[in-house]
Amino acid sequence: MNKKPQFYGLWPHEIIIFVLAALAWNYSNTSDPFLSEVFYGAVFLAALSVLWFRCPELRSHEIGFLILLSVTFYFSGTEFRGRPWCLILFGGALAGAVAVLAYRCLDEWRQLPNKWFFFTLTVAWVVLFAFLGNPTFSYVDSPSLFAWMFNIYTFPQMDEQHGMLIPFVVLILFWWKRKELLAQPPQLWWPAIGFVVVALLFHTLGYVAQQPRLSVIGFLVGLYGLTGLAWGKHWLKASFFPFFLFMFCIPIAEFADPLTMPLRLVVSRIVEMVAQLGLAPDLLREGTKLYDAQNTFGYEVAAACSGIRSLVALLALTTIYGFVNFKAPWKRAVMMLAAVPLAVLGNVVRLCLTIMVAEMFGQSAGKSVETNFGFITFAVAVGCVFLLARWLEKSELKPISENKIVTP
């Protein structure tokens, strides 16, 4: 008799996969490419074995797609930036994902009307933004909005790498909601053209303001409108959440300074208070700088330590988890709002660990922890997300008891 896994339905080897993935993410921008490739290779092989164990019915073309997907993300690394075939490879992986999921739900695919009408309009919409999409040629020498987006996603200092994952997550959510999407017969709904008109206005404004992010919004709003045009108002309502996730594809790290500095100050103040409780009583803080009285070690809570990278990724994670697992609006709101304090908590834990190691073994050892154990931030936060979700799953609103009249 097989023992049922106890941690959210995960087997121990699957938890190890998450640890390896965190290490691969941590070393993705390291100066040691060999170590990064070792972790990526381990994650890929282990993930294939887990999928084979969990889904023995996987077909050969699906395994081939997973290999293509892993190759695509490998060649999105910093050393391959600027090569146009990397973007073509990513587009091929995205098209492959659509084909694989359509084949997975073949019955629903056959029931879907106007699909060639939609795909024809979508191809025209993509071509428009591929050849007249980028209003700022000074940054990326390409007229394609997608080339500009891919350049931002693969730029290591921008912390926007999660943008490449969102389209695949959205496609999976569409597959997950396929029954709901077809609950009412899809049909043409011409008022959805209004979304396309608004999208073109955004794109035009992007050219006037030389701001590609407005064009990104225009592309996504127009794509949303095309689905409503082909399949109706019910489809727009049912697909709002998957399309809502596309907001995480809009690069915002460049404008995050007003949020980054307060987070840096909050993290540094909390670390100072924790350290003075006994971890490092002589720790002093000056702005976002932390150092001891003897100046034997010193650290600055830099922008990378503010939590903005883990905050965006955590917000995406908590948003997806909240909407998929909970129906109550307040529970979804709690999951989304928890991203900010959890991102701060993860950074506080990592910096406290760094200071503890520096106190015991010197600043060089502390620097090593700070550089090589960045995954602790995300690991702590994700663990707290699971605990919060477990508490929300168990919590139930108590019904208001009615007053009972007791008769003698």
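The values are calculated or read from the model by the stated rules, or taken from the named source; none is laboratory data. Since the model is a prediction, treat every value here as computed from it, not as a measurement. Note that we place each Cβ from the backbone using ideal geometry, even for glycine, and neighbour counts take in every protein chain shown.
Table for the structure above
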read-out: Scan of the range 357-379 for residues that are in contact (Cβ under 8 Å) with a residue 24 or more places away in the chain, farther than 16 Å from A280 by Cα and either touching a strand residue (DSSP E or B) at 6+ places or on another chain (Cβ under 6 Å) or among the small types (G, A, S) (or both), ordered by number; value: G374, A379
read-out: Residue that is modelled with the lowest pLDDT [pool: residues in the range 292-324 that are over 30 Å from Q276 (Cα atoms) and not hydrophobic (A, V, I, L, M, F, W, C)]; value: Y321
read-out: Residue satisfying all of: in the range 248-285; in a helix (DSSP H, G or I) and among the charged types (D, E, K, R); farthest from I152 (Cα to Cα) among these; value: E272
read-out: Test: residue in the range 97-106 that is assigned by TED's automatic domain parsing to the domain that holds W189 and farther than 21 Å from M164 by Cα; value: no
read-out: From L200, L226, L214, residue being in the same structural domain as A130 (by TED's automatic domain parsing) and in contact (Cβ under 8 Å) with a residue 60 or more places away in the chain; value: L226
read-out: Count of residues meeting criterion [in contact (Cβ under 8 Å) with a residue 40 or more places away in the chain and on the phi < 0 side of the Ramachandran plot] in the range 94-118; value: 14
read-out: Yes/no for V126 being without any contact (Cβ under 8 Å) to a residue 60 or more places away in the chain and in the same structural domain as G206 (by TED's automatic domain parsing); value: yes
read-out: Matching entry among L201, L236, L173, L245 (being in a helix (DSSP H, G or I), more than 30 Å from G82 (Cβ to Cβ) and under 17 Å from the mean Cα position of the chain (by Cα)); value: L173
read-out: Contacts under 6 angstrom Cβ, first residue in the range 181-193 being assigned by TED's automatic domain parsing to the domain that holds L220, partner part of a loop (DSSP other than H, G, I, E, B) and not hydroxyl-bearing (S, T, Y), 6 or more apart; value: P186/P113; P186/G232; Q187/G232; W189/G232
read-out: Any hit, the range 363-373, residues being at pLDDT 85 or above and farther than 21 Å from A275 by Cα; value: no
